[in-house]
Amino acid sequence: MLKMIACMVLFGAASIASASAQQTSWPPNTPIKRTVLQKFDVADTNHEAIIGLAEIAPNVNIGRHSHFGVESGYVIEGDGVLIVEGSPEKPFKPGDSCQIPAGVKHDARSGGNGAKIIATYVVEKGKPFATPAP
């Protein structure tokens, strides 16, 4: 069910604009800029959807972390490698997409041109958006 919701939210993102985009960074002082494009409650659940743009500087790791819900992403620019615990490293380039299950520790390393990714998170309300992982 959450996979279906995440896919619907991701594909719907292209036709939805937010009047008050919010810029945040996680964790602080890292080479990733996250701009929240939209945030809304998922009906009849204890989850909220967050759609955002992640802009990653060239040749960096964004930092190992996890989320209290599913994450899906679509690469619009640049390249790199997705590093998901328990899986082989997965190179990414424009047009690629991925999904990371709730609670799974992961990281990403950008290539020489950095990367821009549209990301959708369906996470538990009231929990931190992301949690650093050792």
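A few notes on this one:
- Cβ pairs under 6 Å, 6+ apart, first in segment 103-130 and touching a residue at least 60 places away in the same chain (Cβ under 8 Å) and more than 23 Å from Pro88 (Cα to Cα), second aromatic (Phe, Trp, Tyr) and surrounded by 15 or more Cβ atoms within 10 Å (Cβ to Cβ): Val123/Phe68; Glu124/Phe68
- Considering only residues in segment 46-66 that are touching an Asp or Glu at 6+ places or on another chain (Cβ under 9 Å) and not in a strand (DSSP E or B), the one that is surrounded by the fewest Cβ atoms within 10 Å (Cβ to Cβ) turns out to be Asn46.
- Qualifying residue in segment 27-45 (condition: in contact with a Lys or Arg (Cβ under 6 Å, 6 or more places away or on another chain) and modelled with pLDDT of 60 or more): no
- Index of the failed condition, Asp79 passing every other in (1) more than 22 Å from Gly126 (Cα to Cα); (2) modelled with pLDDT of 95 or more; (3) part of a loop (DSSP other than H, G, I, E, B); (4) within 16 Å of the chain's Cα centre (by Cα): (3)
- Output for segment 88-134, where each listed residue is in a loop (DSSP other than H, G, I, E, B), in contact with a strand residue (DSSP E or B) (Cβ under 7 Å, 6 or more places away or on another chain) and closer than 20 Å to Thr35 by Cβ: Pro94, Phe129, Ala130
The values are calculated or read from the model by the stated rules, or taken from the named source; none is laboratory data. Bear in mind the structure is a predicted one, so any value in this text is a computation, not a measurement. Quick reminder, even Gly has a Cβ in these numbers, built from the backbone with ideal geometry, and neighbours come from all protein chains shown.
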